[in-house]
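Report on the structure given below.
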Amino acid sequence: MYELVKKKNIGLRILIGIIILFAITQTLKFFLREPALNINDELVKTANEINKHVPIVIDSLTTFDNVNALKGNTLQYNYTLNIEKNEVDSAKLIEFSRVNLIEQLKKNPKAAYFKQSGITIQANYADKNGIQICKIVVLPNEY
């Protein structure tokens, strides 16, 4: 007539529910997270943002054409000089541009991130016919 019924522990049920809820949230967190950007992806985004505002005429001879994100954590700035290659003293151009580029990188607070991330900066100069005059490379420990 009377049936013995075992009392179920409500605390145990709550604990099992919490464990299941935790497992579900961790699984969702794992599958729904955004992928981490690597340095090259960030450089591509930076180059695309800068390239929205080019070309920029710097002076009567120099035009800033665009920026390329290259492999090996390198950001390359491309310039065109409105003269022919044989009219340029490339040694003086390299000397002047290198000093100027390093000075600008040291002054720019945003360049600190580039330095910390080990990003190499290049400046590529071409003449009005698209022939390369010189390329200047500035390593992160130089700026």
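The values are calculated or read from the model by the stated rules, or taken from the named source; none is laboratory data. Keep in mind that what you see is a predicted model, and the values were worked out from it rather than measured. Positions of Cβ are generated from backbone atoms using ideal geometry, with glycine treated the same way; all protein chains shown enter the neighbour counts.
Of all residue pairs spaced 6 or more apart or on separate chains, those with beta-carbon atoms under 9 Å, a first member in the stretch 93-106 that is modelled with pLDDT under 95 and a second member that is surrounded by 15 or more Cβ atoms within 10 Å (Cβ to Cβ) and of a type in the set (Lys, Arg) are LEU105/LYS115. Taken over the stretch 104-131, the criterion of being more than 27 Å from the chain's Cα centre (by Cα) and surrounded by 17 or more Cβ atoms within 10 Å (Cβ to Cβ) is satisfied by ASP127 alone.
Out of all the residues in the stretch 81-103, is one or more under 14 Å from LEU139 (Cα atoms) and surrounded by fewer than 15 Cβ atoms within 10 Å (Cβ to Cβ)?
Within the stretch 81-103 (the criterion being under 14 Å from LEU139 (Cα atoms) and surrounded by fewer than 15 Cβ atoms within 10 Å (Cβ to Cβ)), the answer is yes, since at least one residue qualifies.
Residues in the stretch 132-143 that are loosely packed, with under 14 Cβ neighbours inside 10 Å and within 16 Å of ASN73 (Cβ to Cβ) were compared, and the one that is modelled with the lowest pLDDT is ASN141. For the stretch 50-59, the condition of being surrounded by 10 or more Cβ atoms within 10 Å (Cβ to Cβ) and of a type in the set (D, E, K, R) holds for none of the residues.
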